Amino acid sequence: MIAPMQPTARGFWITLTAAAGGAALSGVCAAVVVSLYPPGSGGASPAIWGAVVLPVAAALAIAGALARTPGAVLLNSAAFLFPQSVAALGVFFLFAHPGGSGGETLVLATAEFWFKVAAAYAVVTVLVGVAALLFRWVRR
């Protein structure tokens, strides 16, 4: 018999799905904005760029809403950041350094790169924690 999924695990999988969907939708929106307003054309207004940020912000809110414990905050932060990291690394390899492996300087092997990844995780963890606290406050 299959045991029911723990709330923390369910939150992780829902957050991972929402973050992947948010990253994909955000990427599509960014591609549309850049195609409508190519570099050098004056650029799009900040309100239009809001459409790019909104799917990721919604996924972040979902991560916070589903985090009920400190462990869930850490787990949902990782679930939120994973699709974003995969997308960023994919763009990096496809466009920034077509030769792969981080290019000539092997940027993926530098301490600075991993420090930035750790900083991104710290920021996301703080944001998910704040969202979790806000949702807890609203529920009361």
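Can you give me the number of residues within the range 6-22 that are in contact (Cβ under 8 Å) with a residue 24 or more places away in the chain and in a loop (DSSP other than H, G, I, E, B)?
The initial filter retains those residues of the range 6-22 that are in contact (Cβ under 8 Å) with a residue 24 or more places away in the chain, namely 7-8, 10-16, 18-22.
Next, only the ones that are in a loop (DSSP other than H, G, I, E, B) stay: none.
Summing the residues that are in contact (Cβ under 8 Å) with a residue 24 or more places away in the chain and in a loop (DSSP other than H, G, I, E, B) in the range 6-22 gives 0.
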Among residues of the range 5-41, those that are touching a helix residue (DSSP H, G or I) at 6+ places or on another chain (Cβ under 9 Å) and within 18 Å of LEU89 (Cβ to Cβ), counted: 9
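Quick test for you: out of ALA9, ALA19, ALA44, pick the one residue that is within 18 Å of the chain's Cα centre (by Cα) and not polar (S, T, N, Q). Quick ask: steps written out before the conclusion?
Values: ALA9 fails: within 18 Å of the chain's Cα centre (by Cα); ALA44 fails: within 18 Å of the chain's Cα centre (by Cα).
Of the residues listed, the single one that is within 18 Å of the chain's Cα centre (by Cα) and not polar (S, T, N, Q) is ALA19.
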Residue tally, condition surrounded by 19 or more Cβ atoms within 10 Å (Cβ to Cβ) and either touching a strand residue (DSSP E or B) at 6+ places or on another chain (Cβ under 8 Å) or not in a helix (DSSP H, G or I) (or both), over the range 53-89: 1
Residue in the range 23-42 that is out of contact with any Phe, Trp or Tyr (no Cβ under 7 Å at 6 or more places or on another chain), touching a residue at least 12 places away in the same chain (Cβ under 8 Å) and outside any helix (DSSP H, G or I) present: no
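Read the figures in this text as sums done on the coordinates, not as results from a lab. This structure is a prediction, so every number in the text was calculated from the model and none was measured. Heads up, the Cβs are rebuilt from the backbone with ideal geometry, glycines too, and the neighbour counts pull from every protein chain shown.
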